[in-house]
1. Say we join alpha carbon atoms closer than 10 Å with springs in a Gaussian network model of the chain; which of 295, 250, 281 then has the biggest fluctuation?
2. Can you give the FRET efficiency to the nearest 0.05 for residue 151 and residue 176, using r as the Cβ-Cβ distance and R₀ = 30 Å?
3. Please give the calculated 222 nm ellipticity per residue for the chain, where each DSSP H segment of at least 4 residues contributes -39500 (n - 2.57) and the sum is spread over every residue; nearest 500 deg cm²/dmol?
4. If amide H atoms are built 1.01 Å from N in the plane of the peptide, which residues on other chains or at least 5 residues away come under 5 Å of the amide H of residue 248?
5. Sequence-distant or interchain residues sharing an amide H contact under 5 Å with residue 239, placed H: which?
6. Of the beta bridges DSSP finds with both residues in segment 94-353, what % are antiparallel, to the nearest 5?
7. Springs between alpha-carbon atoms under 10 Å, Gaussian network over the chain: tell me which of 310, 113, 270 tops the mean-square fluctuations.
8. If the limit is 27 Å between Cα atoms, which of 152/174; 258/311; 18/40; 174/194; 174/258; 18/194 go over it?
Amino acid sequence: MMMIQSDLTSQEQTVTRKKVILITGANGEVGHGLIKQLYKDPSAPPVITLDIRGLDEDIMPYVDSSIVGDILDNDLLDNLTSEYEIDTIFHLAALLSTHSEYRPEAAHRVNVQGTVNLLHLAVEQARCRDHPVKFIYPSSVAVYGMPDLETKARVGAVRENDFLEPITMYGCNKLYCEHLGRYYTFHYRQLAPKAQESGVDFRGVRFPGLISATTMPSGGTSDYAPEMLHAAAKGEPYESFVRPDTIMPFMAMPDAIKALLTLADAPRDQLTRSVYNVTSFSLTAEQIAERVKTFFPNAQISYEPTHGRQKIVDSWPAAIDDSTARADWGWQPDYDVEQAFADYLVPTIKQQYT
Ligand code: AKB
């Protein structure tokens, strides 16, 4: 990718700003894992975080500074530009699928306008530092919309360009933002008299449902899987809001962090797409319950499907095909379903609740 033109005077360019990685929505479950992993990497620039909620106390020692604020606050984002040289943005802030259905317009503001604001920040940063800014974006299996259960069962793993008719606000937001990322990277201001690249190097992954042993998701529709496990570990009964035969793809949290970091490190010229599927294993709700009961034999799991959330998970594919990520940047998960439960989820969760 070419170098970015700079409008700054040489005097302005000599003002040194601290080189950092910015993580938005850092106090969510992906953010926590990502921060800890980046902290272990001596070659990674320090991390600054931006979240509407304060960062949890136990994560504070791993970051350079944590800003409490809104990605819709443009003044705040402008201040970041003047203070920091942002090398990479992990834009994790979003309202998840269930929350977004209750507040669709708010979801659009946060998920779409928030992303536009961060993309604009990346353009400004790239100009100031005369170097591209990596923009790492977690998209979701929610961008897909399977027309019916028969098709879902018949087609199995879907590829990146198939069935892109999401039925949720969140899915629509994620799909549109994937396109925005591609636009900013390859077509930004294409009619300007002096064509100039934006300097945004956008890379996205479409995550399946994520299961973390240490944090609970909030506001998602794939949440029944982690909720089932955490309830069993705490000795509490759990009522699943989807049918036992409901199937979708999942991944253990450490693999989600691995996917973000591996994609961020991949050489640009090896990437053939802006957004890649990544996945690990597909299970029905009943198969998850059976695994949970293997490790927590007293778990009480029942099923009380709610029409709306059931319909959302039914619209997501049973599996996603991540062969392009495997071919382009060597993606492969560390945890298959056996390892995810036996080596990561169960031991970590037992430690947490005892
Ligand atoms: C959600 O349920 O909204 C998320 C997702 C599948 O992206 N976990």
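1. 295
2. 0.80
3. It lands at -11500 deg cm²/dmol.
4. The answer is 283.
5. Result for residue 239 returns 302.
6. In segment 94-353, approximately 15 percent of DSSP beta bridges are antiparallel ones.
7. 270
8. Cα-Cα > 27 Å for 258/311; 174/194; 18/194; rest within.
The values are calculated or read from the model by the stated rules, or taken from the named source; none is laboratory data. The structure presented is a predicted model; accordingly, all values stated were derived computationally and were not measured. No Cβ is skipped: glycine too gets one built from the backbone with ideal geometry, and neighbour counts run over all protein chains shown. These accessible areas exclude ligands, DNA and RNA; they are computed on the full protein's heavy atoms, side chains included. Shrake-Rupley method; radii C 1.70, N 1.55, O 1.52, S 1.80 Å.
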